[in-house]
Amino acid sequence: MIYSEDTEYGVKFYQDIKKNRSPVLDYIEQLSDKEKAKVLKYIEFLRTQKGYLEEPYSRHIKGKIRELRIDFGRNRHRIFYFIFIKKTIILLHAFLKKGQKIPAVEIRKAEENCLEVLKNQKIYE
């Protein structure tokens, strides 16, 4: 076994190296206090559940990418994430969902960020 069963899962935010910022943190910071509290509560719930939540809280998107689904009134916040090495959940991309389907551009952005994480693994270990 690579690591013990009792090792807790951790959460890290994707870092845009070129802009030296985290788009997911930026997204969360611009929310109202109540929305921010709910989003952070769901992220903690995701961590304690080892990155796997059933619907309606989470859903598989593509490959290793899943979405954390946080509804607040009419606002439907979505955070794409994947499970990385050493029990780390990487939050890749966040957006406000407005329609029925997830726009392809949002999925593409999460995939690009995921590839960046894999290219720069040392940052996230």
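The values are calculated or read from the model by the stated rules, or taken from the named source; none is laboratory data. The structure presented is a predicted model; accordingly, all values stated were derived computationally and were not measured. So basically every Cβ, Gly included, is an ideal-geometry build from the backbone, and we count neighbours across all protein chains shown.
Tabulated results
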quantity	calculated
Complete set of residues in the range 18-43 that are in contact with a strand residue (DSSP E or B) (Cβ under 8 Å, 6 or more places away or on another chain), in a helix (DSSP H, G or I) and within 27 Å of residue 120 (Cβ to Cβ)	23, 24, 25, 27, 28, 39, 42, 43
Residue 96, sole failed condition from (1) in a strand (DSSP E or B); (2) of a type outside the set (Ser, Thr, Tyr); (3) closer than 18 Å to residue 21 by Cα	(3)
Extreme residue, modelled with the highest pLDDT, among residues of the range 1-17 that are of a type in the set (Ser, Thr, Tyr) and in contact with a strand residue (DSSP E or B) (Cβ under 9 Å, 6 or more places away or on another chain)	14
Pair list, Cβ < 7 Å and 6+ apart or interchain, from the range 42-70 residues that are touching a residue at least 12 places away in the same chain (Cβ under 8 Å) to residues that are among the basic types (Lys, Arg) and outside any strand (DSSP E or B)	70/38
Members of the range 44-58 that are within 18 Å of residue 88 (Cβ to Cβ), aromatic (Phe, Trp, Tyr) and in contact with a strand residue (DSSP E or B) (Cβ under 8 Å, 6 or more places away or on another chain)	52
Members of the range 93-110 found to be loosely packed, with under 10 Cβ neighbours inside 10 Å and in contact (Cβ under 8 Å) with a residue 60 or more places away in the chain, listed by number	none
Count of the range 48-84 residues which are of a type in the set (A, V, I, L, M), surrounded by 18 or more Cβ atoms within 10 Å (Cβ to Cβ) and part of a loop (DSSP other than H, G, I, E, B)	0
